[in-house]
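Scroll down for the structure; my scribbles are underneath it.
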2 protein chains.
Amino acid sequence: MRVAVDAMGGDNAPVIEVEGAVVAAREYGIPITLVGDTDRLSQELAKHNVQGLDISIHHASEVVGMHDAASDAVRRKKDSSIRVAYELVKDGVADAVVSAGNSGATMAAGMFVLKRIKGIERPAIAQIFPTLRGKTLVLDVGGNVDCKPIHLVQFAIMGEVYARHVMGVERPKIGLLSNGEEDSKGNELTRDTNAILKDISFDYRGYVEGRDIFYGMVDVVVCDGFVGNVVLKLSEGLAEAIGKMLKEEIVKSVVSKLGYLLVRKAFKSFKKKVDYAEYGGAPLLGINGVAMICHGGSNVKAIKNAIHFAHEYARKGVNQRLVEKLENDFVAYMQRDGVKEVAAG
Amino acid sequence: MRVAVDAMGGDNAPVIEVEGAVVAAREYGIPITLVGDTDRLSQELAKHNVQGLDISIHHASEVVGMHDAASDAVRRKKDSSIRVAYELVKDGVADAVVSAGNSGATMAAGMFVLKRIKGIERPAIAQIFPTLRGKTLVLDVGGNVDCKPIHLVQFAIMGEVYARHVMGVERPKIGLLSNGEEDSKGNELTRDTNAILKDISFDYRGYVEGRDIFYGMVDVVVCDGFVGNVVLKLSEGLAEAIGKMLKEEIVKSVVSKLGYLLVRKAFKSFKKKVDYAEYGGAPLLGINGVAMICHGGSNVKAIKNAIHFAHEYARKGVNQRLVEKLENDFVAYMQRDGVKEVAAG
């Protein structure tokens, strides 16, 4: 199982990508192909001791920038590192893609080159959130706005399969994000989705509220990509703001500054617990292949972990499980009377 | 300017409501009418020194419970404390309502008894969030799901008038919550709303993201009530979860426990900064009158502050300003070619 790393996409490419790949190859023995400008990558790779590691370079002459319009750039830049990385998967040379580049382009290129899994209308980006009880997967955070119920139902199924087979949750609990717990709450989209999810054979717990995410009430939280993106950025922003406000108060007095020296270790282990780098990247679910989308500003650890999780995702044949789940529980269900109409919104 | 306090609605009613009223009357000299069961309220009031304070009791024999269906309860329970409180405003006996009861019922009763302001189709609940730069008002957080652009535009106008005249922001900056800053982002609803807001004469800053709320990038953040409710509950839940996770780490060692004693004061002033009780309640905007909706579990300080802000809101004639703003900037604009169609979604 080989992982193709788009080595040119991130904010600090290719320095971080190359180092992350070296560490992942060393720590987990994962074979890796770095995709990007050969000269630049050879030069960067030469800075590391790569003896005994299976790291190759595959040339790609173009790069999709952070501000390029995603689908346009993917179509136009035929030799871009992200597109070439997916081509390696398509050609059977690699089994998974990791990128810290333009996430819209990573999504668009995945759909363009590898196509969608049969039965999935819209691939989704799933983000792992740290919670009081462990981890919760939230999807979609990838910009699937104006969803129909059918899309959210498919997100739920993809999240269930990912949580079960990659995150190792035996019987994942699924929740639908809403503005209240009662079935009477929600909007048109969630009410129709709620009705369908109750009939799918998995552990569906109904509506969950914003606060439930961090209490870890369920393993998978489903929402449309507009709401998911607000949730993701709000959480990042609030956590940062709390940190800054606390710091402002602490530096106000010598006593509290001294106290901070003593609690610093506790702060650090807290930070480690909620560090996005621990989770590496967000899986792109629903394409015929494996892809992990990393933060543009990812550090070495984040890239390393993303490569590790991408490898696990590919190794465990999660997409095959997803195809089976769709065939067994979803296709038949969708053929029941009236379901199609509700699902289409 | 007299404030009618629904003294029976909150989780700890009427104990907290009565004490909050006494403190507000003492601290700000605000005349108050407590609405609810006369015997119960007299008994509670007798526990306080009310000499020189203008606090009266107005009888109401019924209470809307936290789990009652809002609009149904309001219609059915004609003598409920929340409905009677609004009747006092309608009859000119009081000028504002404060309630820690069922917020759906507080909203429904307000619309039912006082009716909407001309030009406002849906009243909204606005919540103040503490930010790195001060405060930001987010609306709607009150459950106006499935909005049309016209509703969000009206929320924006109400928010700007409230921020200007009650929060004292000279030229409030308005933002529309979205999944990215570029105009190409957003969903159908926000894109149409964005186009209209650009043409209204106020300081509209375009799309803002989830993280911008806590950075205080704008003074007023507009969203539909589904998204607003997720934002509100997510923020509460995340702040609590961070507190709990930090505490878990701190109690793990004697050194950090000792350190905590020294930073405790900093933690406390931080907590005070972000304490919901400082803001009292959330204004219900768009009805012909003034109402503040408090958390069911409000403490005395929250009730006191809500009474104070409700009094300010009434005293400053904010609704009159709102009517003027609607007439001057909005009615004419809405008559332009094509605007009505876009606004109607």
Quiz item: How large is the helix-only mean residue ellipticity at 222 nm for chain B, computed as the sum of -39500 (n - 2.57) over DSSP H runs with n ≥ 4, divided by its residue count, in deg cm²/dmol to the nearest 500?
Solution: -14500 deg cm²/dmol
Quiz item: So which trypsin sites (Lys or Arg not before Pro) in the range B:117-164 pass both tests, a DSSP loop state and at most 14 other Cβ atoms within 10 Å of the Cβ?
Solution: B:Lys118, B:Arg133
Quiz item: Rounded to a whole number, what is D in µm²/s for the range B:13-170 from Stokes-Einstein with the Kirkwood radius over alpha-carbon pairs (37 °C, 0.692 mPa s)?
Solution: 189
Quiz item: Computed on protein heavy atoms with a 1.4 Å probe, what is the summed buried accessible area for the chain pair A and B, in Å² to the nearest 100?
Solution: 5100
Self-check item: Rounded FRET efficiency, nearest 0.05, which uses the C-beta distance separating B:Ser253 from A:Ala46 and R0 of 56 Å
Solution: 0.80
Quiz item: In nm, what does the list of distances from B:Phe112 to its counterparts in the other copies look like, shortest first, when each label sits 7 Å along Cα to Cβ?
Solution: 5.7
Quiz item: Going out from 0 in 5 Å bins, what whole percent of all Cα-Cα distances in the range B:124-276 drops into each bin?
Solution: 2, 9, 17, 20, 17, 11, 8, 6, 5, 4, 2, 0
Self-check item: trypsin sites (Lys or Arg not before Pro) within the range A:169-249, DSSP loop, no more than 16 other Cβ atoms inside 10 Å
Solution: A:Lys198
Exercise. Report P(r) for the range A:207-320: all Cα-Cα distances, bin width 5 Å, range 0 to the bin holding the largest distance, values in whole percent.
Key: 2, 9, 13, 17, 18, 16, 11, 6, 4, 2, 1, 0
Quiz prompt | Size descriptor, Kirkwood hydrodynamic radius, that averages inverse alpha-carbon separations across chain A, Å | solution = 20.9
Exercise. Kindly identify residues of the range A:229-246 having a loss of at least 50 Å² in accessible area between the isolated chain and the assembly of all protein chains, probe radius 1.4 Å.
Key: A:Val230, A:Lys233, A:Leu234, A:Leu238, A:Ile242, A:Met245, A:Leu246
Self-check item: Largest to smallest principal axis extent of the C-alpha atoms in the protein assembly as shown, angstrom
Solution: 87, 63, 47
Exercise. Please report the relative contact order for the range B:124-276, taking Cα pairs under 8 Å with a sequence separation of at least 6, and give it as a percent rounded to a whole number.
Key: 30
Quiz prompt | the range B:29-89: GluC sites (Glu not before Pro) in DSSP loop, at most 10 other beta carbons within 10 Å | solution = none
Self-check item: Difference of contour (0.36 nm per residue) and Cα-Cα distance, A:Glu27 to A:Lys118
Solution: 29.2 nm
Quiz prompt | Other-copy label distances relative to B:Arg40, 7 angstrom Cα-Cβ extension, nm | solution = 7.1
Exercise. Keeping all protein chains in place, calculate the accessible area per residue for chain B (probe 1.4 angstrom), answer in Å².
Key: 41
Quiz prompt | Selection from A:Gly228, A:Gly29, A:Gly9, by position along the positive dipole direction of the protein assembly as shown (Cβ) | solution = A:Gly29
Self-check item: Average projection area in nm² (convex hull over Cα atoms of the range B:77-196, one quarter of hull surface)
Solution: 9.2
Quiz prompt | Sequence-separation-based contact order of chain B, relative, with Cα cut under 8 Å and 6+ spacing, percent | solution = 22
Exercise. Pop the C-beta distance of B:Lys272 and B:Lys244 into the FRET formula with R0 = 22 Å and round what comes out to the nearest 0.05.
Key: 0.70
Quiz prompt | Check: the protein assembly as shown dipole with +1 on Lys, Arg Cβ and -1 on Asp, Glu Cβ, in debye | solution = 1780
Quiz prompt | Pairwise FRET efficiency - B:Asp79 versus B:Asp54, Cβ, R0 = 22 Å, nearest 0.05 | solution = 0.35
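The values are calculated or read from the model by the stated rules, or taken from the named source; none is laboratory data. Not measured: the values here are computed from a predicted model. Please note: Cβ atoms are built from the backbone with ideal geometry, for glycine as well, and neighbour counts cover all protein chains shown. With ligands, DNA and RNA removed, areas are computed over all heavy atoms of the protein, side chains included. Shrake-Rupley method; radii C 1.70, N 1.55, O 1.52, S 1.80 Å.
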